[in-house]
Amino acid sequence: MELKRKHLIGLEDSTPQEIEGILNTAEAFKSIFNRKIKKVPALRGRTVVNLFFENSTRTRTSFELAAKRLSADVINFSVSTSSVAKGETLIDTARTIESLESDMIVVRHSCSGVPLLLSKTLKSSIINAGDGMHEHPTQGLLDLFTIREKKKKIKGLKIVMVGDIAHSRVARSNIYGMTKMGADLTLVAPPTLIPKDIEKLGVKVEFDLRKAAKDADVLYMLRIQLERQKRNLFPSIREFSLLYGMDEDKLKLANKDALVMHPGPMNRGVEISSEVADSPQSVINEQVTNGIAVRMAVLYLLSGGETNEIDSFGGQGN
Amino acid sequence: MKLILSAGRVIDPANKLNDILDILIEDGKIKKIGKGIKDKDAEVISVKGKVVAPGLIDMHVHLREPGFEYKETIATGVRAAVKGGFTSVACMPNTEPVMDNTAVVELVISKGKKENLANVYPIASVSKYAKGEEISDIGMLIKSGAVALSDDAAPVMNAEVMRRAFEYTKQFKVPIITHCEDKNMTVDGVMNESFISTVLGLRGMASVAESIMVYRNIALANYIGAPVHIAHVSCKESVDIIRWAKKQGINVTAETAPHYFCLTDEAVKNYETNTKMNPPLRTAEDVAALKAGLKDDTIDCIASDHAPHGRTDKELEFNYAAFGIVGLETMLSLTLTELVNKKVLTIDKAIEKLSLSPAKALRLDRGTLTIGAVADITVIETGKEYSIDVSKFESKSKNSPFNGRDVKGEAFMTIVGGNIKMKEGKIL
């Protein structure tokens, strides 16, 4: 498999074949994790810049580790948005970064559309590590990878995604990924957190979590930002967690082997109870591990790598 | 000085005139209209094959001076106006300082006079500092030359303040021009709330945030018995409310801008910041409703909401980019291309909405070719096909989503007070 694209901005324009190819490549990289030396020379001599305009230790660390395991040189460049507002523009910052001779730029920004803007302005490959409320494609891919690994398929699965759909880039990338891979996806949230006309993306919308959870194969809980309450999007944390939080009681309504997922970081006791988060059905920690394999696959394929060459790397990276 | 425009198609909606005629201009006034006018002292310009219209009036522009001279100045703004075929512009008060005092009104008028191109009519702020809390010195502002009051760019949220503004202004017989937006509903909004905003992950501004304020302002004006003009109508619900109000005989006029009938929120898809304006681009259904509203005269005027911004205001993240686009140099061509050539409006109607109707809304003694009227005239080459090229704009700013768009119809000559200010793209 060869990926015929330079940038990964989102899953909206991806094909099922591309997604399948990325997941297969990630699987090949994941098998390296069991080796003593977890590094391959696939991106030796290439420079990957993590350009983060928004704080994120998790995603940045995951990309950093993925790039390092591919033997790339990695630079972390964090810009606090407040200083951007006062001084250098986004474009100037990005041009400065590219002048460091970067090959790939992993970008996170609180504003939707920034990765697309950079892909039109810069020569480097741009990988979206989350932009505003738009997309977080590698999160979508690692979630698909986790589901496929556990369930051996995605097509036909009943997936229920719960929580702040309106403000979630994780939700959008997963909506594209899951529907393209043939899952039956239902979104559950109070009407205030369902964005306009989302059904047009081929999903169902349900306000009653108990009803939706019945016979579900996957329960995907989204992080709720507590400040949303201030905008009257829900009346109180207490009510939200009662109606939309996943607890043991609601979990019982789903299939016995249903997976519980969460992109992290969790608000225990709000969108997910500790009992559910720590239950055997929870794959939340595996999502994190799979994130490294998926990001390795994305970095590798976007730099022009081919899947069938991975096995030949052996475990002798430096 | 005498000037004859010979053998053009003279269209004057005020006098229901549409015929091949000559016009004699003398001492800055329309002296005579008829066939075969001869005067040996007059300079004769043949405008055969072209349309001769009353001077076009753009009743909604932002000239940015004082305060934001890097975006536009009165000098560059009036150059853009005459280039686009406009003999008069009315400029909004969101300057720095705000045009809520006679000093700024007088400055704008004197700078406009000094340029001696298009007429400049200031619209003063309806509230002090545009804060929406206390009404400004409305009587003094009007005496110093303001033609209307407005809350454009800083809508008055408090209905009691707005009521008193209508009530107090009533004595001066000038309209209040309202920017209709419930700001509580549009916090952090950057585009229309729609399927497109869902896909792009951008915060929406629902059309109902506009229409409820259209209703509120019409209801207040009606209660008081004062005139109200609704600025930049962008959505179907607003059109429906204005249509209803006119049927009730309420004294309301309304305008829309070319971008609202040329584009939909689909244009925002690549996060192109030149598609960011307030009110935002709406849906195809709204565009259809606006066209219907223009056709049945629910919407009286077409105005550009010319909103120049520098590159540093627009070459940014979509969320941080400024709202607004330039329009003086595209409005006539877009109106002819999208409304006249596509048979939404006759050319007579289009000209009316670009001249006579704004003159009436602002109570200006212009917008007609009646004998004795000031000779503000726009000659239009309706067959001229070209691609819009922002690099050729006279405006200081180039923030237009229409760059590269093919259009048909362009201003050929702009005459203000009997003097030719623009001919074939050259400013004289």
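FYI, it's all coordinate maths here, none of it is from the lab. Worth saying up front: this structure is predicted, and the values here are computed from it rather than measured. We place every Cβ from the backbone using ideal geometry, glycine too, and count neighbours over all the protein chains shown.
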Report summary line: One would report the antiparallel percent of DSSP beta bridges in segment B:54-362, rounded to the nearest 5, as 5 percent
Requested in this report: Pull out the extension gain between B:Lys269 and B:Met157, defined as 0.36 nm times the separation in residues minus the alpha carbon to alpha carbon distance; nm, one decimal.
Outcome: 37.2 nm
**Report entry** Candidate lysines - alpha carbon under 28 Å from B:Lys170, same-chain residues fewer than 8 apart omitted
**Finding:** B:Lys128, B:Lys131, B:Lys143, B:Lys183, B:Lys246, B:Lys247, B:Lys353, B:Lys360
Query raised in the report: If you build a Gaussian network model of chain B, linking Cα atoms that sit under 10 Å apart, which residue out of B:Thr368, B:Thr312, B:Thr298 swings the most?
Result: B:Thr312
Query raised in the report: What is the mean number of Cβ atoms from other protein chains located within 10 Å of the Cβ atom of each residue in peptide A:189-196, rounded to a whole number?
Result: 2
Query raised in the report: Measuring from the lowest to the highest alpha carbon on each principal axis, how far does segment A:173-295 reach, largest first, in angstroms?
Result: 39, 34, 30
Query - chain B, helix-only ellipticity at 222 nm - DSSP H runs n ≥ 4, -39,500 (n - 2.57), divided by all residues, nearest 500 - result: -7500 deg cm²/dmol
Query raised in the report: Put +1 on the Cβ of every Lys and Arg and -1 on every Asp and Glu Cβ in segment B:54-362; which of B:His232, B:Ala206, B:Ile57 then has its Cα farthest towards the positive end of the dipole?
Result: B:Ile57
Query raised in the report: Taking segment A:224-306, which trypsin sites (Lys or Arg not before Pro) meet the DSSP loop condition and have no more than 13 other C-beta atoms within 10 Å?
Result: A:Lys252, A:Lys256
Query raised in the report: Do you know the relative contact order of segment A:66-186, to the nearest whole percent, from alpha carbon pairs under 8 angstrom that are 6+ apart?
Result: 19 percent
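Which whole number gives the average count of other chain Cβ atoms within 10 Å of the Cβ atoms across peptide B:198-210? Numbers along the way, then the final one.
Working: counts 11, 13, 9, 16, 6, 5, 3, 0, 1, 0, 0, 0, 0.
Counting Cβ atoms of other protein chains within 10 Å of each residue's Cβ and averaging gives 5.
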Query - DSSP-loop trypsin sites (Lys or Arg not before Pro) across segment A:191-226, with at most 14 other Cβ within 10 angstrom - result: A:Lys214
Query raised in the report: Under the rule of -39500 (n - 2.57) per DSSP H run of 4 or more residues, summed and divided by the residues of chain A, what mean residue ellipticity at 222 nm is obtained, to the nearest 500 deg cm²/dmol?
Result: -11000 deg cm²/dmol
Report task. Figure the gain on full extension for A:Arg268 and A:Asn255 (residue separation times 0.36 nm, minus the Cα-Cα span) and round it to one decimal in nm. Result -> 2.4 nm
Query raised in the report: Rounded to the nearest 0.05, what FRET efficiency is calculated for B:Ile45 and B:Tyr386 with R0 set to 35 Å and r the Cβ-Cβ distance?
Result: 0.95
Query - segment A:248-318 versus segment B:267-295: alpha-carbon centroid distance in Å - result: 41 Å
Query raised in the report: Highest GNM mean-square fluctuation, chain A, Cα pairs closer than 10 Å: which of A:Gln287, A:Gln139, A:Gln225?
Result: A:Gln225
Query raised in the report: Relative contact order (percent) for segment B:54-362, with alpha-carbon contacts under 8 angstrom and 6 or more residues of separation?
Result: 17 percent
Query raised in the report: Nearest 20 debye, what's the magnitude of the dipole of chain B about its Cα centre given +1 on Lys and Arg Cβ and -1 on Asp and Glu Cβ?
Result: 1200 debye
Report summary line: Bridge orientation stat for the protein assembly as shown from DSSP, antiparallel percent rounded to 5, came to 35 percent
Query raised in the report: Which residues' amide hydrogens lie under 5 Å from the amide hydrogen of A:Ala183, considering only partners 5 or more residues apart or on another chain, with H built in the peptide plane?
Result: A:Gly156
**Report entry** Hull shadow area, averaged, chain A [alpha-carbon convex hull, nm²]
**Finding:** 15.9 nm²
**Report entry** Amide H partners (placed H, <5 Å) of B:Thr253, local residues excluded
**Finding:** B:Val228, B:His229, B:Ile230
Requested in this report: Starting from the amide H of B:Ala118, placed 1.01 Å from N in the peptide plane, find each other amide H under 5 Å away whose residue is 5 or more places distant or on another chain.
Outcome: B:Val82
Query raised in the report: Which ³J(HN,Hα) values, rounded to whole Hz and listed in residue order, are derived for segment B:328-340 from phi using the Karplus coefficients 6.51, -1.76 and 1.60 in 6.51 cos²θ - 1.76 cosθ + 1.60 with θ = phi - 60°, glycine and proline given as x?
Result: 4, 9, 10, 4, 5, 4, 5, 5, 5, 5, 8, 9, 7
Query - Calculated from backbone phi, Karplus (6.51, -1.76, 1.60) coupling profile of segment A:254-263 in Hz, x at Gly/Pro - result: 7, 4, 4, 9, 4, 8, 10, 10, 7, x
Query - Karplus-derived HN-Hα couplings along segment A:301-312 (A = 6.51, B = -1.76, C = 1.60, θ = phi - 60°), whole Hz, x at Gly and Pro - result: 5, 5, 7, x, x, 10, 4, 6, 8, 4, 4, 6
Report task. Compute the distribution of all C-alpha to C-alpha distances in the protein assembly as shown, in bins of 20 Å from 0, and list the percent of pairs in each, rounded to whole numbers. Result -> 16, 40, 28, 13, 2, 0
**Report entry** Projected label distance in nm at B:Lys2 and A:Glu20, using a 7 Å step from Cα toward the beta-carbon
**Finding:** 8.5 nm
Query raised in the report: In whole angstrom, how far apart do the alpha carbon centroids of segment A:7-30 and segment B:46-113 sit?
Result: 54 Å
**Report entry** Estimated FRET transfer efficiency (A:Glu286, B:Lys342; beta-carbon r; R0 60 Å; 0.05)
**Finding:** 0.55
Query raised in the report: With labels modelled as points extended 7 Å from the Cα through the Cβ direction, what inter-label distance (nm, one decimal) is found for B:Lys131 paired with B:Asp27?
Result: 5.0 nm
Requested in this report: For segment B:347-369 and segment A:37-71, compute the distance between their C-alpha centroids and round to whole Å.
Outcome: 64 Å
Query raised in the report: Gain in length, A:Glu309 to A:Lys230, computed as 0.36 nm per residue apart minus the alpha-carbon separation, to one decimal in nm?
Result: 23.2 nm
Query raised in the report: If you take the square roots of the eigenvalues of the alpha-carbon gyration tensor of segment B:54-362 and sort them as a ≥ b ≥ c, do you get rounded (a/c under 1.5), prolate (a/b over b/c) or oblate?
Result: rounded
Query - Filtered trypsin sites (Lys or Arg not before Pro), segment B:44-81: DSSP coil and at most 14 other beta carbons within 10 Å - result: B:Lys48
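From other protein chains only, count the Cβ atoms within 10 Å of every residue's Cβ in A:114-121, then give the mean.
Across the residues of A:114-121, the mean count of other-chain Cβ atoms within 10 Å is 3.
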**Report entry** Of B:Thr87, B:Thr275, B:Thr264, the one that fluctuates the most in a GNM where chain B has Cα springs shorter than 10 Å
**Finding:** B:Thr264
